[in-house]
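Below: one structure, written as structure tokens.
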Amino acid sequence: LLFAPGLRLLASWFPPERGATAMSLFMVGGYTGNILLSLVGPALAAALGWRTAFMLFAALGVAAAIAYFTLGRARPGAGRARPFSISDVLRLFEHRILWICGAIQFVRFSAVTGFSFWLPSLLVADRGFSLQIAGLIAAMSAVLSVPANAAGGYLSDRIGNPPLIIGASLAGLAGSSILLVQVESVPALLLVVAAGSIFLQLYFGPLFFVPLEVLGQRAAGTATGFSNLFANLGGLITAYALGAVKDMTGSFTWGFIGIGGLCMIGAALSILLARIRDRALEQKAGA
């Protein structure tokens, strides 16, 4: 419920030519929380118990929600758009760009689930690391993801070609996912995790920005919610599938190879996305 309104609120403070940068900044706070959790969580669980640790982090979430309710306001002078009707929403579904972005979002959050949700389990179960070491590696992953988010949005706005950032990131992420379960040495493993963490978030802002670029700011909430629906479906299916593959095969190897294959499909879809976007922007400019 928070995701789409949060992105729309943040985007209202940026001009259209900085839209991808605005979208990418939304995740900086989320990954800062991941860093804190990865570094502090294991120590808190050992000292106070996992129940108390969960309650402390939940209290932080409640405090953040109160701050958002109190301080979250659109940019002054941004104006108030006419509310979306059901017919407006149904007309949005006719745009192919929304469905292409939804498919890529499915791939995106499948990869996020693999790296963020199952990576610590892979490090402990398949590689024999302790929980504390796995937490440090997860924290390193989150630290690299924060600047990658902002850098991807900036690059997209700078070159004016979001699909290029999306496709290149997904291709790099495909290689990282496959290498993650193939490399043997610890330095090589850390290098692959680092590369995957960068590619994982480099294209977040551009991917969420493309539908807004074509459909307009007024459709921001609906388009973002639609994209995030597909993302959540990808995360749900992948979270279950990786666990099932681990139980059947005894390792995460085939699960992460499957994520690599999904990312290659996403990279191919980015080529189609570029063509549809260019055609839509030409029609928009002509109109």
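The values are calculated or read from the model by the stated rules, or taken from the named source; none is laboratory data. Given the structure is predicted, the values throughout are model-derived calculations rather than measurements. Cβ placement follows ideal geometry from the backbone for every residue including glycine, while neighbour counts extend to all protein chains displayed. Accessible surface is based on the protein model in full, side chains and every heavy atom, while ligands, DNA and RNA are left aside. Shrake-Rupley method; radii C 1.70, N 1.55, O 1.52, S 1.80 Å.
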| Number of positions in segment 255-270 that are open to solvent by 30 Å² or more (accessible area, probe 1.4 Å) and more than 16 Å from residue 176 (Cβ to Cβ) | 2
| Long-range neighbours under 7 Å by Cβ, at least six apart or interchain, first residue within 12 Å of residue 126 (Cα to Cα) within segment 178-189, second among the hydroxyl-bearing types (Ser, Thr, Tyr) and open to solvent by 30 Å² or more (accessible area, probe 1.4 Å) | 181/253
| Has segment 222-242 got any residue that is in contact (Cβ under 8 Å) with a residue 24 or more places away in the chain, open to solvent by 10 Å² or more (accessible area, probe 1.4 Å) and among the small types (Gly, Ala, Ser)? | yes
